[in-house]
Structures are given as structure tokens and as C-alpha cells.
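Below is one structure, written out as C-alpha cells; comments come after it.
What follows draws every value from the coordinates through simple rules; no lab data is involved. No experiment lies behind these values; they were computed from the predicted model shown. Every residue, glycine among them, receives a Cβ derived from its backbone with ideal geometry; neighbour counts consider all protein chains shown.
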Amino acid sequence: MGDGAGQDAIARALALAVLRDAAIGDRLVVRALDGAGARDALGTLVGRTDSSVRVDTRRGLVDVALADVVAAKPVPPPPAPRHQRR
């Protein structure tokens with residue numbers, strides 16, 4: 001069997017590198033531990049400190065503690081709105 005803890009550590013290190021290298025204004029998704037589960041923040045990176053990132057999501061601003069991050073990746077822009085049929 002593989003080393004799950006080792007794979008988790010690698011995924012976390014990669015996620016933190018994505019967040020470190022992302023420019024303000026980049027669109028990304030960040031998964032972070034939240035109580036007994038995890039939550040995702042999908043949106044635009046609008047702020048970063050030594051201990052957290054701030055993502056502007058459709059539901060508002062979300063602050064994510066870097067200590068809680070388990071995954072992160074850049075994502076493409078949202079699709080253009082579809083025209084409604086009449």
C-alpha cells in the first residue's frame with residue numbers, strides 16, 4: 001500500500017506553492033479543512049498574508065487559513081452566459 005500521509009503532504013505542499021505563485025486577480029479553487037470535513041472556495045484571489053488567502057467567491061469574500069489548506073489549483077474563467085431562448 002502507498003503512504004497516504006506522504007501523498008497528503010505532497011498535495012499540501014503543491015497547493016501552498018500554487019497559492020504562493022498565484023497573482024492577485026487569478027481565478028482558483030482552494031480546498032481547506034473545516035471542522036470534520038472540507039470546504040472549497042472557488043473564485044478570484046483578492047488578498048494574501050503570511051497566514052491566509054482571501055478569495056472573492058459568488059457568495060462573497062472567504063478567508064482561508066493556509067494552515068487548513070489541503071489542495072489548490074488554478075481554474076479557467078467561468079463560461080460566458082448563455083442566451084435565453086424565446
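Each helix, a run of at least 4 DSSP H residues, gives -39500 (n - 2.57); summed and divided by the residues of the chain, these come to -7000 deg cm²/dmol at 222 nm. Between the residues Leu33, Ala17, Thr57, the greatest Cα displacement towards the positive end of the dipole of the range 4-74, with unit charges on the Cβ of Lys, Arg, Asp and Glu, is found for Thr57. For Ser52 and Arg39, the difference between the fully extended length at 0.36 nm per residue and the C-alpha to C-alpha distance is 3.2 nm.
Taking only C-alpha pairs under 8 Å that are 6+ residues apart, what is the relative contact order of the range 4-74 in percent? Numbers along the way, then the final one.
Values: 129 pairs, mean separation 25.6, N = 71.
Relative contact order comes out at 36 percent.
Under 20 Å from a label point set 7 Å out along the Cα-to-Cβ vector of Asp68, the amide N atoms of the range 20-50 belong to 20, 28-50.
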